[in-house]
Amino acid sequence: MSRSESAEIRHARTGLVFRPGLEGVPATQSSICDIDGHEGKLSYRGYALDDLAAHCSFLETTYLLIWGELPTPQQLRDFEHEVQMHRRVSFRVRDMMKCFPSDGHPMDALQSSAASLGLFYSRRAIDDPQYIYDAVVRLIAKIPTMVAAFQLIRKGQDPIQPRDDLAYSANFLYMLTEREPDPLASRVFDRCLILHAEHSLNASTFSARVTASTLTDPYAVVASAVGTLAGPLHGGANEDVLAMLDEIGTADRAADYLDAAMASKRKVMGFGHREYRVKDPRAVILQTLAEELFARFGHDEMYDVARALEVAAESRLGPKGIYPNVDFYSGLVYRKLAIPRDLFTPVFAIARVAGWLAHWREQLGANRIFRPSQIYTGSSMRQWSPLEDRLPSAST
Ligand code: ACO
């Protein structure tokens, strides 16, 4: 369905107006994140993303998103300490993960293990500030440990324990690769987490808010959001971008690939965004991060293919307001950091849990259960008939 076709459908009987994909329909009020899709600007709690990515750590940004203000030095130290203390996951969660199929997708493993935390921390006291704080700390602390654990478990190894002397991002890369990471790699990864931490009412955050509105526990909120993030039209696109760049192969084939994709109405992965009519500001920063890594650790020819595709898309997709989104360059960064392809979306989830939890708190602050209406398009009332009298209909 084209953008113009999808604009609005009015129901004759009720007068209700349906906008497919809820495009342009405000479904909540929020003070967490602001997007200017025409200028390509993004801010968290009123702070420009560029400033946060340049000067803050991911945990500092997480604190800002969830509690609304940048932390003082003492507040940050306390938060970092609490997160560090809760990084380990119970041996029972690890044992459960050992029963997962080793060829299962890590997003499915993450969704199941995130949901299982609700079993271990089952006191659902969402009006108790201490419960909320503890749940935030646990989820921020344990999600990376679970992502890294599944990576080792599926290779037939035992997960390694977090290291208390390593900061959040360095520790994740260590648990994943079993090597202490280079400081530049850790800093670049931390910035990637900041860039992915929040993005207003995207599909997974909407899912989180709908789940939160039922007053269920925060582990269920995060698990539902993880499931939503996994799809190829959302977080799963970063994995597909590299598959597409592989398929293109060399930079000189990018324009032909694009022409063929457009002729057959295939979506170009990592391009397009409901909110942006210009290049996604996160893609701009991710591109510079990729270049920093290439300058230090060696060039990646796949980057040349990506650049050629972006240049070719300028004249073909640009006029429709379709430009690279956050997923276009993130995979190239993660590839240079030796993160396996099918962990790209779980890594996205590690970051986005900050945004989901910020929205969880905000939803609880002024809750009304989500219950939209629908426009019924089914049959009018029909006469029931006994089983033995029924004939196959034309459609069966
Ligand atoms: N490649 C080619 N054409 C595109 C693309 C694309 N990536 N994205 C949109 N279009 C075209 C559509 O074909 C359509 O054209 P038409 O009006 O001539 O029919 C028009 O742009 C509008 O497209 P929609 O799919 O209606 O736009 P929507 O806002 O619903 O979709 C989405 C946004 C899902 C991100 C879409 O751009 C897409 O599928 N992109 C590829 C997948 C992707 O990269 N997803 C990650 C998004 S970022 C994130 O979620 C973290």
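Looking across Arg352, Arg371, Arg382, one residue alone is of a type in the set (D, E, K, R) and assigned by TED's automatic domain parsing to the domain that holds Leu64. It is Arg352. Between Ile9, Ile35, the distinction of being within 16 Å of the ligand (Cβ to nearest atom) and open to solvent by less than 60 Å² (accessible area, probe 1.4 Å) belongs to Ile35 only.
Per-residue answers, yes or no, for (1) out of contact with any Ser or Thr (no Cβ under 8 Å at 6 or more places or on another chain); (2) modelled with pLDDT of 95 or more; (3) farther than 22 Å from Arg371 by Cα:
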position	(1), (2), (3)
Ala12	yes, no, no
Gly15	yes, no, no
Pro20	no, no, no
Leu49	no, yes, yes
Leu59	yes, yes, yes
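Taking first residues from the stretch 261-288 that are under 13 Å from Asp36 (Cβ atoms) and partners that are more than 7 Å from the ligand (Cβ to nearest atom) and open to solvent by 70 Å² or more (accessible area, probe 1.4 Å), the Cβ contacts under 7 Å between residues at least 6 apart in sequence or on separate chains come to Arg277/His38; Val278/His38; Pro281/Lys41.
Among the residues in the stretch 120-131, are any of a type in the set (D, E, K, R), closer than 30 Å to Glu291 by Cβ and away from the ligand (no atom under 16 Å from the Cβ)? Looking through the stretch 120-131, none of the residues is of a type in the set (D, E, K, R), closer than 30 Å to Glu291 by Cβ and away from the ligand (no atom under 16 Å from the Cβ). Listed conditions (1) surrounded by 23 or more Cβ atoms within 10 Å (Cβ to Cβ); (2) more than 16 Å from the ligand (Cβ to nearest atom) are all met by Val210, apart from (1).
When Leu215, Leu229 are screened for being of a type in the set (A, V, I, L, M, F, W, C) and away from the ligand (no atom under 14 Å from the Cβ), only Leu215 passes.
Taken over the stretch 349-371, the residue count meeting the criterion of being β-branched (Val, Ile, Thr), open to solvent by less than 40 Å² (accessible area, probe 1.4 Å) and either part of a loop (DSSP other than H, G, I, E, B) or closer than 11 Å to Leu65 by Cα (or both) is 1.
Those helices (runs of 4 or more DSSP H) of the stretch 125-225 in which at least 1 residues are charged (D, E, K, R) and in contact (Cβ under 8 Å) with a residue 60 or more places away in the chain, considering only elements entirely within it, cover 183-196, 203-212. Filter the stretch 89-112 down to residues that are surrounded by fewer than 13 Cβ atoms within 10 Å (Cβ to Cβ) and among the charged types (D, E, K, R) and give me whichever is nearest to Asn238 (Cα to Cα). Among those residues, the one meeting the criterion is Asp103.
Candidates in the stretch 109-153 are the residues that are among the β-branched types (Val, Ile, Thr) and more than 20 Å from the chain's Cα centre (by Cα); of these, the one that is modelled with the lowest pLDDT is Ile126. Taking (1) over 21 Å from the mean Cα position of the chain (by Cα); (2) open to solvent by less than 70 Å² (accessible area, probe 1.4 Å) in turn, His55 satisfies each apart from (2). Glu275 fulfils the conditions (1) of a type in the set (D, E, K, R); (2) closer than 30 Å to Gln363 by Cβ; (3) in a helix (DSSP H, G or I) except for a single criterion, (3). Only one entry of Ala255, Ala203, Ala251, Ala261 meets the criterion of being surrounded by fewer than 23 Cβ atoms within 10 Å (Cβ to Cβ), near the ligand (Cβ under 9 Å from one of its atoms), modelled with pLDDT of 95 or more and closer than 14 Å to Leu309 by Cα, and that entry is Ala261. Scanning the stretch 385-396 for residues that are modelled with pLDDT of 95 or more and either under 27 Å from Ala12 (Cα atoms) or among the small types (Gly, Ala, Ser) (or both) turns up just one, Ser385. For the stretch 67-83, a tally of residues being open to solvent by 50 Å² or more (accessible area, probe 1.4 Å) and either more than 23 Å from the chain's Cα centre (by Cα) or modelled with pLDDT under 95 (or both) returns 8.
Inspect the stretch 282-299 for any residue being part of a loop (DSSP other than H, G, I, E, B), under 30 Å from Ala208 (Cα atoms) and either within 14 Å of the ligand (Cβ to nearest atom) or of a type in the set (Phe, Trp, Tyr) (or both) and give the result as yes or no. The answer is no, given that none of the residues of the stretch 282-299 is part of a loop (DSSP other than H, G, I, E, B), under 30 Å from Ala208 (Cα atoms) and either within 14 Å of the ligand (Cβ to nearest atom) or of a type in the set (Phe, Trp, Tyr) (or both).
Step by step: first the residues of the stretch 323-346, then only those that are of a type outside the set (A, V, I, L, M, F, W, C) and over 17 Å from the mean Cα position of the chain (by Cα), then the one that is farthest from the ligand (Cβ to nearest atom). Which residue is that? Filtering first and then ranking leaves Lys336.
The values are calculated or read from the model by the stated rules, or taken from the named source; none is laboratory data. Source: prediction; values computed, not measured. Note that each Cβ is placed from the backbone with ideal geometry, even for glycine, and that neighbours are counted across all protein chains shown. Just so you know, the surface numbers come from the protein's heavy atoms only, side chains and all, with ligands and any DNA or RNA stripped out. Shrake-Rupley method; radii C 1.70, N 1.55, O 1.52, S 1.80 Å.
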